[in-house]
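The values are calculated or read from the model by the stated rules, or taken from the named source; none is laboratory data. If you're wondering where the values come from, they're calculated on a predicted model, not measured in any experiment. As a convention, Cβ positions derive from the backbone with ideal geometry for all residues, glycine included, and neighbour counts pool all protein chains shown. Note: areas computed on protein heavy atoms with side chains; ligands, DNA, RNA excluded. Shrake-Rupley method; radii C 1.70, N 1.55, O 1.52, S 1.80 Å.
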Amino acid sequence: MDAASPASVLQGRRVVLAVTGSIAAYKAVSLLRSLRQDGAAVSVVMTRAATKFIAPLTFEVLSGERVTTDLFEAHEEMKHLSLPELADAIVVAPATANFLAKAAVGLADDALSTLLLSARCPLIVAPAMDGDMWHHPTVVEHTATLRARGAIVLDPEIGPLASGQVAQGRLADEARILESIRTALMPTADWTGQRVLISAGPTQEAIDPVRFISNRSSGKMGYAVAEAARDRGAQVVLVSGPTALTPPAGVTVIPVTTADEMATALRAHFAWATVVVMAAAVADYRPKDAAPQKLKKRAQPAWSLELESSADILAMLSAQRTSQILVGFAAETEHLLVHAKEKLAAKGLDLIVANDVSTPGGGFGSDQNAAVILARNGRQQEFGLMPKRRLADHILTAVQDYRRNRQSDRTTTAIE
């Protein structure tokens, strides 16, 4: 699968673009233009509230099709049934809290909510609302319900909102929405039969009951690899350090906190796996003696903390493997390729994904990343800044290429 050919994915596809009553409704116009430029046919559905923010005529001119706004208009010809039947994907952008509630409970009182009950195609939802609303328990519950059913619900972004506050509630960037649509429309089963064990996120090593040593890893890269492997047909076990991310649907998630806990979980599933991807940022050191009670502030101006090495999980797994393909990560701030090649050899890896975490717009916490993938057989591939989900597909494809080349080499050797 070539994740770098987005236009070919949307060419000739039918996308239903649903717009709900959010101030961000105007951004759906640009999304519609991008979908059309990539070759998709787009049918627009608007809720009555959405028409208060932008006129349906705008979407009709750009899509070349009549906009569906009312379930009972005669000219609609049962569009709540015909649209989902023809659709390759349904995209709701922006999606309000009201829409999330109706979709989660199956309420069908307008054209949009009714057609969802007939849909069998991928559903991509991009919420936009005030920050307090996004974090309200009922909205969190409705979002989790939709995700559990297989919907792709994008987390909104942090930024200035219509209320004046700066919080998480802005509509996801258009590039993220388009990437999610393309991913949903790239059904492939090239990882069917593979069992993928993935680590993600940071570890936390206790100083005392309230303090710990950790790092800036968000877990987003490892979670993206887990989602990509799942979407390509693999069975996936994700061992995750503490993150704020929602567990991917269809993936077995094992939460851990410390490096020792992560090592134990990975060791328990290692024999099961055919591919292991170590995306976690495991703490290299931990406090030698964690205090059983909270340490009080001391009178002296300095305080020394004695550290010891934590488990070298990559080396441990490499020494135990039989036929597993082992993929590591190298997060560096200088001499990227030098350090990555050293780690590739020292840990006995098959591939290593090297990324400069100081790259503007990439690295820890970002939704994007740039990387160089190095293989034991000498192959090297460089990828510029892109969504981590797309990079995850490139990583999996690199693993597939490495496996094929390894099998080819073995066959050649046997013949000789």
Normalised convex hull volume, region 21-121, alpha-carbon set, Å³ per residue
93
When a/c reaches 1.5 or more, the comparison of a/b and b/c decides; with that in mind, is region 213-284 rounded, prolate or oblate per its Cα gyration tensor?
oblate
At 7 Å along Cα-to-Cβ for each site, give me the label-to-label distance between Asp401 and Gln11 in nm.
2.2
Which of the GluC sites (Glu not before Pro) found in region 243-324 are in a DSSP loop and have at most 12 neighbouring Cβ atoms, other than their own, within 10 Å?
Glu306
Express in whole angstrom the spacing between the alpha-carbon centres of region 124-183 and region 78-118.
17
Multiply the residue gap between Thr274 and Val61 by 0.36 nm, knock off their C-alpha separation, and tell me the result in nm, one decimal place.
71.6 nm
In the chain, once you exclude exposed chymotrypsin sites (Phe, Trp or Tyr not before Pro) (DSSP loop, at most 15 other Cβ within 10 angstrom), what's the longest stretch remaining?
73-271
Given a Förster distance of 41 Å, report the FRET efficiency between Met316 and Ser358 from their Cβ-Cβ distance, rounded to the nearest 0.05.
0.90
Once His135 and Arg267 are pulled to full extension, the length gained, defined as 0.36 nm per residue separation minus their Cα-Cα distance, is 43.9 nm
Selected from Leu305, Thr322, Val338, residue furthest toward positive end of dipole (region 297-340; charges at beta carbon):
Leu305
Estimated inter-spin distance, Ser309 and Thr145, nm [label 7 Å along Cα→Cβ]
5.2
Point-charge dipole on Cβ atoms (K/R +1, D/E -1) for the chain, about Cα centre, debye to 20
540
Using +1 at the Cβ of each Lys and Arg and -1 at the Cβ of each Asp and Glu in region 15-143, identify which of Ala41, Leu81, Leu116 lies farthest towards the dipole's positive end.
Ala41
Electrostatic dipole magnitude of region 254-397 [Cβ: Lys, Arg +1; Asp, Glu -1; Cα centre; debye, to 20]:
280
Chain lengthening between Lys288 and Ala101 when straightened (0.36 nm per residue, less Cα-Cα)
62.4 nm
Taking only the alpha carbons of region 126-282, what extent do you get along each of the three principal axes, in Å, biggest first?
51, 47, 25
Using a 1.4 angstrom probe, figure out how much accessible area the chain has per residue, in square angstrom, rounded to the nearest whole.
47
Let me know the longest stretch in the chain that avoids all trypsin sites (Lys or Arg not before Pro) found in a DSSP loop with at most 14 other C-beta atoms within 10 Å.
299-378
Average Cα contact separation per residue, region 224-285, under 8 Å, 6 or more apart, as relative contact order %
27
For a 27 Å ceiling on Cα separation, which of these pairs sit above it: Lys220/Lys347; Lys288/Lys347; Lys294/Lys388?
Lys294/Lys388
